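S.K.: My questions will all concern the structure given below.
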Amino acid sequence: MSWFKRKDKKFKDPEKKSIPDGLWDKCPSCDEILYRPELEKNLSVCHHCEHHFRVAPQVYVDLLLDKSSETHLYQNLESKDFLKFKAVKKYTDQIVTAKTKTGEKDAIKVYDGKINGESVVLGIMNFRFIGGSMGSVVGEAVSRAIQKAIKDKVPFLLVCASGGARMQEGAISLMQLAKTSTQLAKFAKNGGLYIPILTDPTTGGVTASYGMLGDVILAEPGALIGFAGPRVIKQTIGQDLPKGFQRSEFLLEKGFIDHIVSRSEMKEKISTLISLLT
Amino acid sequence: MSKFYLEFEKPVQELDNKIIELELSNDPNQSDINSIQKLKEKRFGLIEKNYSGLSRWQRVQLARHPNRPYSLDYINFFSPEFIELHGDRYFMDDPAVVSGLGKLGDKKVAFIGQQKGRNTKENLHRNFGMMRPEGYRKALRIMKLAEKFNLPVITFMDTIGAYPGIGAEERGQGEAIARNLLEMSGLRVPIVSVVIGEGASGGALGIGVCDRMLMLENTWYSVISPEGCASILYRDAKKADDAAEALKPTPKDLMEIGICDRIISEPNGGAHRDFVAAANELKSALLDELEQLSKIVPEDFLENRIQKYDKLGYFQENA
C-alpha cells in the first residue's frame with residue numbers, strides 16, 4: 001500500500017488510468033510498458049531489454065518456415081482421460097479449458113515445411129496448453145514427426161516449451177520420455193539431424209528427454225531450462241538460488257547448450273546449421 | 001534392526017509379539033508349540049484378509065517400509081562374488097546408485113540399483129536413493145561395459161526421484177537422464193528392470209528403459225510421487241492418499257495400461273516379512289526372463305524395445 005493516498009475520488013491516480021484491454025503489455029524483465037502491435041511486430045521481443053515473451057506456435061511457423069510451405073500434420077490427435085483423473089480439477093475439464101483458451105487440440109503442433117528452401121519437419125510446443133505438458137499426444141506427435149524425418153531424410157526441429165510430463169496421465173506420461181528418446185536414438189543411427197530450440201520454460205520430462213538430446217541445442221535468451229523446477233530445489237535445499245540460475249546463459253556457461261539465438265536471427269542460424277551439417 | 005510396523009500392520013504386530021514371546025519361553029511344552037502353530041495360522045489368515053483390500057496409498061507405504069529389502073540386499077543375496085564398480089570417470093561416485101558385476105544363478109550379469117539407506121547416517125551417504133547426474137553417468141558406463149562383454153543388465157528401481165539440487169542442475173541432471181534413455185534404448189544386450197520399492201519420475205526411468213519391466217507386488221511406479229502430485233495438483237501435500245488413488249501407480253494398475261510386464265508376488269505380509277522367500281521369488285523370475293531374452297537375437301529385441309515404448313500412449317484421432 002502506498003504511504004500517501006489521494007482521498008478525493010474526483011481525481012484518479014494517473015498511473016491507474018484505464019488502458020484499452022489487450023493493447024499494452026508490461027515487460028516482466030524491465031517493467032517497460034510496451035505497445036502490443038509494436039511488440040508483435042518485433043516478434044514479441046522487448047525493444048528495451050530483449051526479453052523474449054512466450055508466444056503461440058503460429059509465431060514460430062511464420063518465423064521459421066518459408067511462406068505457404070507448411071503442412072500441418074497429425075492435427076487430429078487429441079488427449080484421452082484414460083485414468084479418469086481427478087484432483088482439484090478433472091483432467092477432462094482441463095483439456096476442454098485449454099482447448100478453448102488456445103484454440104489448439106494439445107500442447108504440440110507438427111509441420112512439414114521448408115526453411116530457406118530446405119525441407120524440414122518442425123514441432124512446436126505450446127506452454128499455454130496445460131503448461132506445455134507432455135502426455136500421450138505430445139509423445140505420439142514427436143514420435144511420428146521423427147519417423148517422418150527418418151523416412152523423408154530431412155532434419156527435425158523442435159521448439160520446446162514445457163513444464164514437464166503431464167501428471168494427469170500418470171506413468172504413461174513418464175513413458176513418453178522413453179518413447180521419444182527411443183525414436184531419437186533410431187533417428188541418430190540413421191544419420192538424421194535433430195535440433196531442439198529451447199524456449200521459456202523447458203523443464204522436467206522434456207529436459208530429461210528430447211530437450212537435451214539434440215545434435216546441436218539452441219535456446220532463446222533468458223529461457224528457464226532445467227530438470228527440477230526452481231521452487232522444488234528451493235524447498236529441498238532451503239536456500240535462495242543464485243541469480244540467473246537455470247537460465248539459457250547459465251546453461252551455456254555450464255556447457256549444456258550450444259548456442260543462444262534470438263528470435264530475429266533464429267531462421268538464418270538454423271538454416272546455416274542445416275547447410276553446414278547436411 | 002528394530003522392526004517397524006505401519007498403522008495397518010498393527011494387528012499383525014500383536015500376533016507377532018505373542019508368537020515371539022512363546023517361542024522365547026525357556027521350556028516350551030506341547031501346548032505352547034500347538035498355540036504357536038495356531039497363532040501363526042491365524043496371522044497368515046489375518047494378513048491374507050487385510051492385505052487383499054489394501055488401498056493404493058497403503059501399497060505406497062509398504063513400498064517405502066523401513067524394513068523393506070533394498071538393492072544391495074538382493075544383489076548380495078544373489079551373487080556372493082558381486083564386485084561393485086564405482087564412479088562416472090568425470091566427476092565423482094554417486095552412492096545413491098550401486099553398480100557392478102556378479103552372477104544370477106550361473107549367468108554373468110551387470111547389476112545396477114538405486115540404493116536407500118537404513119538409518120540417518122546411511123541415508124545421508126546414499127542421499128535417500130536420489131541420484132545425481134554422476135549416478136546416471138556411472139550407470140551408463142557400467143551398461144556400456146556390459147554391452148562390450150555381452151552381459152545382460154539387471155536394474156533395480158527404488159527412488160522417489162532424481163535429486164533436485166543446485167549442483168545436480170549445474171552438472172546436467174536433465175542431460176544425464178536423457179542420455180541414458182537414448183543409450184539404453186539401443187543397448188545391444190538384454191535389459192530387465194525391476195521396481196523393488198518406489199519408482200518416481202525420470203529419476204527412476206533413467207535406469208529403467210528395458211526389454212522386460214517387472215514389479216514386486218508391493219511397489220509403485222509413476223511420473224511423480226503422490227506427495228509431489230498432491231502439492232501441485234491438489235495444492236496440498238497432505239492429499240497424498242488422494243493423489244495415489246488418482247495416479248494409479250500400483251503394479252496391477254500398470255499391468256492394465258501395458259507398462260508392467262510381470263508382477264512378482266511377495267511373501268505373506270510383504271517382502272520385509274520374509275526376505276529370503278522374496279529374494280528367491282525374484283531370482284527365479286529374473287532367471288526366467290533372461291532365459292527368454294537369450295533366445296532372441298539383438299536386432300529383434302532392439303526392435304521390440306522400440307515398439308514396446310512406441311505403443312505406450314492413449315489418445316484419440318478422429319479425422
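Please treat every number below as a calculation from the coordinates, not as lab data. Note that the coordinates shown come from a computational prediction; the quantities given were computed from them, not determined experimentally. Counting neighbours? That spans all protein chains shown, and the Cβs are built from the backbone with ideal geometry, glycine included.
S.K.: Would you please put B:68-81, B:34-47 in order of how densely packed they are, using the mean number of other Cβ atoms within 10 angstrom per residue and starting with the highest?
M.R.: Top to bottom by mean Cβ count within 10 Å: B:68-81, B:34-47.
S.K.: Another one. Quick check on my link table: of A:Lys99/B:Lys248; A:Lys186/B:Lys308; B:Lys108/B:Lys283; B:Lys18/B:Lys42; A:Lys114/A:Lys153, which ones sit more than 18 Å apart, alpha carbon to alpha carbon?
M.R.: Checking Cα-Cα distances, A:Lys99/B:Lys248 exceed 18 Å.
S.K.: Say R0 is 60 Å: what FRET efficiency, to the nearest 0.05, do A:Lys86 and B:Ser31 get from their beta-carbon distance?
M.R.: 0.60
S.K.: According to the square roots a ≥ b ≥ c of the eigenvalues of the Cα gyration tensor, what is the shape class of the range B:11-52, taking rounded for a/c under 1.5, prolate for a/b larger than b/c otherwise, and oblate for the remainder?
M.R.: Oblate.
S.K.: Let me know the mean shielding of B:301-314 by other chains, meaning the per-residue number of their Cβ atoms within 10 Å of its Cβ.
M.R.: Taking the mean over all residues of the peptide, I get 6.
S.K.: How many percent of all Cα-Cα pairs in the protein assembly as shown sit more than 39 Å apart?
M.R.: The proportion of pairs with Cα distances above 39 Å equals 33 percent.
S.K.: Also: Using the Cα gyration tensor of the range A:106-200, with a ≥ b ≥ c the square roots of its eigenvalues, what is the shape: rounded (a/c below 1.5), prolate (a/b larger than b/c) or oblate (neither)?
M.R.: oblate
S.K.: So, in Å, what gap is there between the alpha-carbon centers of the range B:1-34 and the range A:31-92?
M.R.: If you average the Cα positions of each part, the centres end up 64 Å apart.
S.K.: Turning to a different aspect of this structure: Describe numerically, in nm with one decimal, the distance between label points set 7 Å from Cα along Cα→Cβ at A:Gln147 and at B:Gln307.
M.R.: Taking the two extended label points, one gets 1.2 nm.
S.K.: How big is the gap, in Å, between the Cα center of the range B:242-319 and the Cα center of the range A:100-162?
M.R.: The range B:242-319 and the range A:100-162 have Cα centres separated by 30 Å.
S.K.: For peptide B:154-166, compute the average count of partner chain beta-carbon atoms within 10 Å of each residue's beta-carbon.
M.R.: Per-residue shielding by partner chains comes out at 3.
S.K.: Charges at C-beta only: +1 for Lys and Arg, -1 for Asp and Glu. How large is the resulting dipole of chain A about its Cα centre, in Debye rounded to 20?
M.R.: 1100
S.K.: Order these peptides, B:281-292, A:94-105, B:163-174, by their mean beta-carbon neighbour count within 10 angstrom, highest first.
M.R.: The most tightly packed comes first, giving B:163-174, B:281-292, A:94-105.
S.K.: Provide a whole-number value for the mean count of partner chain Cβ atoms within 10 Å of the Cβ atoms in peptide A:163-170.
M.R.: 6
S.K.: Can you tell me what share of the DSSP beta bridges in chain B is antiparallel? A percent to the nearest 5 is fine.
M.R.: 35
S.K.: What whole number of Å gives the distance from the Cα centroid of the range A:250-272 to the Cα centroid of the range A:197-232?
M.R.: Their Cα centres are 13 Å away from one another.
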